[in-house]
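So the structure is just underneath, and the comments pick up after that.
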Amino acid sequence: MMQEQNEIKTVDVAAGIVFNAQGQCLLSSRPEGKPYAGYWEFAGGKLEHGETALAALQREWREELGVEITRATPWLCKRHAYEHAHVRIWFFRVAAGDWHGELQAKEGQRWAWQTVGRFDVSPMLPANGALLRALSFPTDWTGGLATEVRGCGERADWCLRPRHAAQPGGHVWLAWHEWAAGGEPSLAEYGSVWLLADGEAQVQAALAAEGPDGVIWRMADSAQAKAACTLLQEGCGLPLVLAAPAPLCETFERQWRAFGAQAVLRLDESELKSE
């Protein structure tokens with residue numbers, strides 16, 4: 001059995017979440033002749049030998065949909081285990097100005113622009129449920145952990161509060177040690193549940209936990225800031241928000257976002273102490 005498990009290969013796949021000027025993202029159906037034919041997904045495909053995930057994304061979109069992607073930002077890396085293989089999907093966000101071309105169904109597939117949070121095509125590929133949910137979270141955060149964090153601009157109505165102040169149906173955060181001690185809330189009670197982690201070990205454990213929607217890494221030094229860059233490059237399965245003092249954010253925010261951070265939150269000194 002151990003030998004069989006060692007022989008299971010890992011297949012790397014790149015997939016793109018492409019947005020238009022209205023903020024909608026593109027979904028396409030899987031072509032006939034492929035597993036889950038007719039199911040809707042974010043278009044992409046397998047990496048060829050020696051190919052980077054970005055290069056594979058660009059090639060697949062060109063071949064399948066006639067679209068040229070000029071720039072893409074890494075986001076999440078989802079892992080799925082099947083009997084025949086372990087699949088690792090590298091998801092990229094592609095802004096409206098970072099692609100061009102007229103959409104074409106080169107493989108006979110269907111495609112549709114969808115509003116985030118109101119997807120109405122079906123059937124949806126089962127593995128994409130958590131991903132669709134994560135797309136609804138804002139990428140710009142402001143405020144404080146002790147009181148409330150809000151999205152910015154059009155997402156200003158999105159509000160994250162500590163557990164003691166959260167309302168049913170709202171978004172809540174709690175400390176990793178509280179979750180690990182068995183204090184996790186009923187996930188159905190809240191709009192989303194985020195874990196606040198201090199240090200890389202806690203972050204790794206939080207990212208591997210079953211149930212939370214995202215992780216907030218609270219840090220105060222450049223060593224952790226650099227470690228966050230490495231972790232993001234390795235691929236995170238959940239949205240990762242980096243929370244740090246303003247000087248640290250000013251130094252590392254561009255790198256963090258380029259490597260796929262969900263958001264960056266500036267903290268006051270009073271918010272740096274572990275719960």
Task: 5 Å-binned pair-distance histogram of region 137-266 (Cα, whole percent) - done: 2, 11, 23, 25, 22, 13, 5, 1
Open item on the list: For region 128-201 and region 1-77, what is the centre-to-centre distance using only Cα atoms, to the nearest Å?
Closed with: 28
- [ ] Express as a percent, rounded to the nearest 5, the fraction of DSSP beta bridges in region 10-129 (both residues included) that run antiparallel.
- [x] 65
Task: Other-chain or far-sequence residues with amide H under 5 Å of Ile216's (modelled H) - done: Leu195, Leu196, Ala197, Val241
Open item on the list: Report for the chain the percent antiparallel among DSSP-assigned beta bridges with both residues inside it, nearest 5.
Closed with: 45
Open item on the list: Run lengths n ≥ 4 of DSSP H only: what is the helix-derived mean residue ellipticity at 222 nm for the chain, with -39500 (n - 2.57) per run over all residues, to the nearest 500?
Closed with: -6500 deg cm²/dmol
Open item on the list: Using Cα-Cα distances under 8 Å and only pairs 6 or more residues apart, what relative contact order does the chain have, in percent?
Closed with: 15
Task: Among 156-162, 104-110, the order from most to least packed when residues are scored by Cβ within 10 Å on average - done: 156-162, 104-110
Open item on the list: Need the list of aspartates and glutamates near Lys9 for cross-linking: C-alpha distance under 16 angstrom, and skip anything on the same chain fewer than eight residues off.
Closed with: Glu48, Glu83
TODO: Search the structure for amide H atoms under 5 Å from the amide H of Asp12, placed 1.01 Å from N in the peptide plane, and list their residues when 5 or more places away or on another chain.
DONE: Leu47, Arg88
Open item on the list: Give me the percent relative contact order of region 137-266, please, defined on Cα pairs under 8 angstrom at least 6 residues apart.
Closed with: 19
- [ ] Work through the residues other than Lys46 whose Cβ is under 11 Å from its Cβ and net out their charges, Lys, Arg +1 and Asp, Glu -1.
- [x] -2
Task: Cα-based equivalent ellipsoid of the chain: semi-axis lengths in Å, sorted from largest, via gyration tensor - done: 32, 21, 19
Task: In degrees, nearest ten, helix 222-234 long axis to first principal axis of the chain (Cα) - done: 20
TODO: Quickly rank 262-269, 117-124 as a protection proxy: mean count of other C-beta atoms within 10 Å, highest first.
DONE: 262-269, 117-124
Open item on the list: What is the sum of charges, Lys and Arg at +1 and Asp and Glu at -1, for the other residues whose Cβ falls under 9 Å from the Cβ of Ala56?
Closed with: -2
Task: Sum of side-chain charges, Gln167 neighbourhood, beta-carbon under 13 Å (Lys, Arg +1; Asp, Glu -1) - done: 0
TODO: Return the ratio Rg/(2.2 N^0.38 Å) for region 10-129, where Rg is computed over Cα atoms only.
DONE: 1.00
Task: Cross-link partners of Lys273 among lysines (Cα-Cα below 26 Å; sequence separation of 8 or more within a chain) - done: Lys226
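Throughout, read-outs are computed from the coordinates displayed, never taken from laboratory work. In this text the structure is predicted, and so the values were computed from the model without any measurement. So basically every Cβ, Gly included, is an ideal-geometry build from the backbone, and we count neighbours across all protein chains shown.
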